[in-house]
Each structure stands twice: as C-alpha cells, then as structure tokens.
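Notes follow the structure.
Readers should treat all values here as calculations from the given coordinates under stated rules, not as data from a laboratory. A quick note: this is a predicted structure, and the numbers were derived from the prediction, not measured. So basically every Cβ, Gly included, is an ideal-geometry build from the backbone, and we count neighbours across all protein chains shown.
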Amino acid sequence: MATLYERLRADIVAAMKTRDTTTVLALRTADAAIQRASMDQVKPIDDNLVAGTLRKSVKNLADAKVEFQKGGRADLVAANEAEISLLEKYLPAGLDAARLDALVAAAIQATGAQTRKEMGKVIGALKQGPEAALIDFAQASRVIQARLP
C-alpha cells in the first residue's frame with residue numbers, strides 16, 4: 001500500500017497530466033510544506049509527518065477562510081473551501097472521543113499532572129506519542145481541562 005506522501009505525489013502527476021492547475025498548485029504547496037517540515041524537524045517523510053503537516057495546513061486555511069468571510073471575499077472563501085476539501089482526502093480519520101479520552105488519561109497518569117497549570121506537560125506527552133498526528137489538540141485541550149481541577 002502506498003504511503004500518504006506517495007499518493008500525494010502521484011496525484012500531483014495525475015493533475016499535471018490533466019492540466020488541473022488549481023489541484024496542482026494546492027498539492028505542490030502541500031508537498032513543499034511537507035518537505036520543509038521534514039527538513040526543519042530533521043526527520044524522514046513518513047505518514048505521521050505528512051498527516052501532521054496537512055492538518056496544520058487545513059487549520060491555517062480554515063483560519064484564513066474565517067478572515068475572508070469577515071472581509072466579504074466570497075471568491076477567496078470558495079477557493080479555501082476547495083483546497084481544504086482536497087487536502088482532507090489525504091488525512092486519516094481523527095481519533096474518536098473515547099480514544100482521545102483514554103490517551104489524555106494515560107498522559108495525565110504518566111506526567112503526574114495534578115492541576116491545569118501542568119497542562120503543558122500533558123500536551124507535551126501527547127505530542128510525543130505515536131498517535132500525535134491524529135490528535136486534534138484543541139479538542140484534547142478541552143478534555144484535559146475537564147479532567148484537571
């Protein structure tokens with residue numbers, strides 16, 4: 001089975017052959033972000049790196065879309081929505097609430113966190129875990145806050 005990165009690269013070639021410039025631009029931008037993240041972190045490109053980078057790109061696009069909506073730029077909102085839906089095809093399904101709750105509980109146990117002031121330790125432990133690329137850290141933050149007094 002092809003990795004996420006191999007699938008993305010193959011789709012770039014396919015989009016180039018069909019002369020789909022919008023898709024080519026979006027996928028090449030994602031490819032560049034993945035390669036930059038690989039160099040910055042001095043890690044080889046694997047599915048976790050690809051998924052994490054694509055999630056970050058989708059989040060940035062969603063944030064920009066909100067700003068474009070405030071500015072009344074319907075054309076840019078539509079372009080961002082199209083790019084978000086294109087990139088989301090490459091993302092694995094996120095963690096369900098029960099699995100995230102279990103990971104948070106394990107991280108709290110491992111770090112020995114007692115209060116919300118120690119939330120950073122728990123987030124750090126979650127980021128070091130093997131499922132870090134699948135975690136929505138905004139949702140994880142809410143779960144941690146609910147568990148810590």
Within the range 24-149, how many lysine pairs that are 8 or more places apart, or on different chains, have C-alpha atoms less than 15 Å apart? 4
So, with +1 on the Cβ of K and R and -1 on the Cβ of D and E, and no other charges, what is the size of the charge dipole of the range 97-147 about its Cα centre, to the nearest 20 debye? 180
Amide H contacts of residue 95 (H built 1.01 Å from N, under 5 Å, at least 5 apart or other chain): 136
Give me the net charge of residue 113's neighbourhood, meaning all other residues with Cβ under 14 Å from the Cβ of residue 113; Lys, Arg count +1, Asp, Glu -1. +3
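In a shell of Cβ-Cβ distance under 14 Å around residue 24, excluding residue 24 itself, what net charge do Lys and Arg (+1) and Asp and Glu (-1) give?
0
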Using 0.36 nm per residue of separation minus the Cα-Cα distance, give me the extension gain between residue 139 and residue 13 in nm, one decimal. 41.8 nm
Calculate, in nm to one decimal, what residue 148 and residue 35 gain on full extension: separation in residues at 0.36 nm each, minus their alpha carbon distance. 37.0 nm
In the range 40-68, whose amide N lies under 18 Å from the spot 7 Å out along Cα-to-Cβ of residue 82? List them in ranges. 58, 61-62, 64-66, 68
Over the C-alpha atoms of the chain, what are the Rg and the largest Cα-to-Cα span, Dmax, in Å? 17.8, 56
Please list 3J(HN,Hα) in residue order for the range 29-45, calculated via the Karplus relation 6.51 cos²θ - 1.76 cosθ + 1.60 where θ = phi - 60°; whole Hz, with x for glycine and proline. 5, 5, 4, 5, 5, 5, 5, 5, 5, 4, 5, 5, 8, 6, 10, x, 6
Angle in degrees between helix 119-128 and the longest Cα principal axis of the chain, rounded to the nearest 10: 50
